[in-house]
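S.K.: Here's a structure for you.
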Amino acid sequence: MIPSLKEARIVFAGGGTGGHLFPALAIADRIRELLSDDCKVQITFVGTKRGIEFRLRESLGYPLRLINVRGIARSLTLRNLALPFVLVGALLKSRSILSELAPHVVVGTGGYVSWPILKAASWKRIPTVLQEQNTFPGIATRRLAARSKSVYLGFEEAREHLADDVNTVTTGNPMRKSVLGGDRDEATRLFKLDPSKKTILVLGGSQGARSINNAIIRSLRTGQPGEKYQLLWQTGKRDYKDVVVSTGEEGKGHSLFPFENRMALVYAAADLAIARAGAISLAELEACGIPAILIPYPYAAGDHQRKNAEAYVKRGMAEMVVQAELGNSDILTHAVTLLESDKAEQMRDAIARQAASRKPAADIIAENIIELIARTQEAGVGA
């Protein structure tokens, strides 16, 4: 039973990329749905001008407060010398924001923006919780997990990278409802697809994935995917024009687009996906029941995309091709082989079993946060 609250003040810190922002939005939306109309709810997001949260600020649905912080550059650079001063400034600004908002709890979903807010909350004895999307936890999660009330894991495999005394709960990754429930007929009309053909979705993210795009172009030139199949191909904004020119005649009969926000319709059209292995993309494919060939981005921090993909392969929900092998394989032949065999159907069955085995992650996390706020209020913390 959801506790009855008179008020709930919550700060979410997680952004920079959609992989950190969208889980936070899914949790925040679910908290707002679960709390009664009589509850005075104040949910605030903290981010930076560099992050996707700033670009989406008009449609975010929640107030956005800004701090000036950035991550560590992975190559040797003079910019890293100034980082300690940037972090000190971010910590001071974070303390000021928390003093003003007096939240009952601070929720971190990863990325460099989460560290100063969660660290300041810890200093001020404000309860914190974390949500970690990947098999290999990010640096913010690893540094802050010990002081958090709970760490909600997208993958059980992340547990082995955290201290034994950290309170973890494996929930899967929270999903935005906006990616669910797309209508296939509407999607077919929107993307000018042939309803009699099966659709292979190529998904490289908003910026695309040049190595995947090039592999698809090579495969098209061999005559794949054949007459019975069509591509729904998100090229990324950067590569769209070049891909259209490079595909030429081979691109006819397929639907190419740079980027699409109406992801529910994109997923509704797909019978199989060729995609990167970012945690949120995987969660969306899983939620929509789409089997996949995963091509992990090889330069992701901690090689976490490969580990994410391996976890899905282990569960029978996907197959994996490493990027280094793309030049020696025909990726569309691989996709057609899966669709013409029982393997794609077996993947769909594995995805369905996974979905049936657990409650939606956003529900679990939202309910637990509300219960934590109830306990916090009883103890007089954050009031």
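Just so you know, all these numbers are worked out from the coordinates, no wet-lab data involved. A quick note: this is a predicted structure, and the numbers were derived from the prediction, not measured. Using ideal geometry, Cβ is built from the backbone for each residue, glycine included, and neighbour counts are taken over all protein chains shown.
S.K.: Ranked highest first by average number of other Cβ atoms within 10 Å, how do 273-281, 124-132 line up?
M.R.: Values: 273-281: 24.6, 124-132: 22.6.
The peptides rank, most packed first, as 273-281, 124-132.
S.K.: With r as the distance between the Cβ atoms of Glu156 and Glu260 and R0 = 30 Å, compute the FRET efficiency 1/(1 + (r/R0)^6) and round to 0.05.
M.R.: Numbers: r = 32 Å, r/R0 = 1.06.
Working from the Cβ atoms, E equals 0.40.
S.K.: If you fit an axis through the alpha-carbon atoms of helix 114-123 and take the longest principal axis of the Cα set of the chain, what angle between them do you get, 0 to 90°, nearest 10?
M.R.: 20 degrees
S.K.: Round to the nearest 0.05 the FRET efficiency obtained for Arg315 and Asp194 when R0 = 25 Å and r is the Cβ-Cβ distance. List each step's numbers first, then the result.
M.R.: Working: r = 32 Å, r/R0 = 1.28.
With R0 = 25 Å, the Cβ-Cβ based efficiency is 0.20.
S.K.: Express the relative contact order of segment 180-356 as a whole percentage, based on alpha carbon pairs under 8 Å and six or more residues apart in sequence. Intermediate values should be presented prior to the final figure.
M.R.: Details: 298 pairs, mean separation 42.5, N = 177.
Reported as a whole number, the value is 24 percent.
S.K.: Another one. How do Leu201, Leu92 line up, fewest other C-beta atoms within 10 Å first?
M.R.: Taking fewest neighbouring Cβ atoms as first place, the list is Leu92, Leu201.
S.K.: Could you pull out every residue, at least 5 positions away or on a different chain, whose amide H is within less than 5 Å of the one on Arg65? Hs are placed 1.01 Å off N in the peptide plane, and Pro or chain starts have none.
M.R.: Phe45, Val46, Gly47
S.K.: Cα axis of helix 18-34 to longest principal axis of the chain: angle in degrees, 0 to 90, nearest 10?
M.R.: The angle comes out at about 60 degrees.
S.K.: Spelling out what I want: for every residue of segment 310-325, take phi, set θ = phi - 60°, compute 6.51 cos²θ - 1.76 cosθ + 1.60 (Karplus), and round to whole Hz; glycine and proline get x.
M.R.: So the Karplus estimates, Gly and Pro as x, are 4, 5, 6, 5, 4, 8, x, 9, 6, 10, 10, 10, 6, 4, 5, 8 Hz.
S.K.: How do Glu227, Glu186 rank when sorted from fewest to most other Cβ atoms within 10 Å of their own Cβ? Please report the intermediate quantities before stating the final value.
M.R.: Working: Glu227 8, Glu186 14.
Fewest-to-most Cβ neighbours within 10 Å comes out as Glu227, Glu186.
S.K.: Give the separation of the Cα centroids, segment 1-24 to segment 235-303, in Å.
M.R.: The distance from the Cα centre of segment 1-24 to that of segment 235-303 comes to 28 Å.
S.K.: Continuing with the same structure: Given a Förster distance of 41 Å, report the FRET efficiency between Lys6 and Ala163 from their Cβ-Cβ distance, rounded to the nearest 0.05.
M.R.: Details: r = 36 Å, r/R0 = 0.87.
Approximately 0.70, to the nearest 0.05.
S.K.: Based only on Cα atoms, what Rg/Rh ratio does segment 139-232 have, Rh being taken as Kirkwood's radius?
M.R.: Values: Rg = 20.6 Å, Rh = 17.5 Å.
Rounded to two decimals, Rg/Rh equals 1.18.
S.K.: Considering just Cα atoms, how many Å³ per residue does the convex hull of segment 180-356 enclose?
M.R.: About 109 Å³ per residue, rounded to a whole number.
S.K.: Going by how many other beta carbons lie within 10 Å of each one, how would you line up Met347, Met175, fewest first?
M.R.: Going from sparsest to densest Cβ surroundings: Met175, Met347.
S.K.: Additional query: Could you work out how far apart the two model spin labels at Lys149 and Asp37 are, taking each label as a point 7 Å from the Cα in the direction of the beta carbon, and quote it in nm?
M.R.: Roughly 2.8 nm, to one decimal.
S.K.: Something else now. How much length would be gained if the chain were fully extended between Asp342 and Ala301, taking 0.36 nm per residue of separation minus their Cα-Cα distance, in nm to one decimal? Numbers along the way, then the final one.
M.R.: Working: separation 41, 0.36 × 41 = 14.76 nm, distance 3.45 nm.
Additional length available on full extension: 11.3 nm.
S.K.: Say each of Thr170 and Ser59 gets a label point 7 Å from the Cα, pointing the same way as Cα to Cβ; how far apart are those two points in nm?
M.R.: For Thr170 paired with Ser59, the spin-label model returns 3.5 nm.
S.K.: Also, I was wondering about something else. Apply the Karplus parameterisation 6.51 cos²θ - 1.76 cosθ + 1.60, with θ equal to phi minus 60°, to every residue of segment 337-354 and state each ³J(HN,Hα) to the nearest whole Hz, in sequence, with x for glycine and proline.
M.R.: 4, 5, 5, 8, 9, 7, 5, 5, 5, 4, 4, 4, 5, 5, 5, 5, 5, 5
S.K.: In whole Hz, what ³J(HN,Hα) sequence does segment 162-178 give by Karplus (6.51, -1.76, 1.60; θ = phi - 60°), x for Gly and Pro?
M.R.: 10, 4, 4, 8, 6, 7, 10, 9, 7, 10, x, 9, x, 10, 6, 5, 5
S.K.: Considering amide H positions built from the backbone, and no H for Pro or chain starts, which residues 5 or more places from Ser150, or on another chain, come under 5 Å of its amide H?
M.R.: HN-HN under 5 Å from Ser150: Leu130.
S.K.: Give the Rg/Rh ratio for the chain, taking Rg as the radius of gyration of the Cα atoms and Rh as the Kirkwood radius, to two decimals. Mind dumping the intermediate values first?
M.R.: Numbers: Rg = 21.7 Å, Rh = 21.9 Å.
Radius of gyration over Kirkwood radius for the chain works out to 0.99.
S.K.: Most fluctuating residue of Ser114, Ser150, Ser341 in a GNM of the chain with Cα springs under 10 Å: which is it?
M.R.: Comparing Ser114, Ser150, Ser341 in the GNM, the peak value goes to Ser341.
S.K.: Right, here's the next one. Can you compute the modelled spin-label distance between Ala102 and Ala355, with each label point 7 Å from Cα toward Cβ, in nm?
M.R.: Between Ala102 and Ala355, the label points sit 4.4 nm apart.
S.K.: Helix 210-221 against the longest principal axis of the chain: what's the angle in degrees, Cα atoms only, rounded to the nearest 10?
M.R.: Here the helix axis deviates by roughly 20 degrees.
S.K.: Using amide H atoms built 1.01 Å from N in the peptide plane, name the residues 5+ places from Ala273, or on other chains, whose amide H lies under 5 Å from its own.
M.R.: Leu201, Ala292, Ile293
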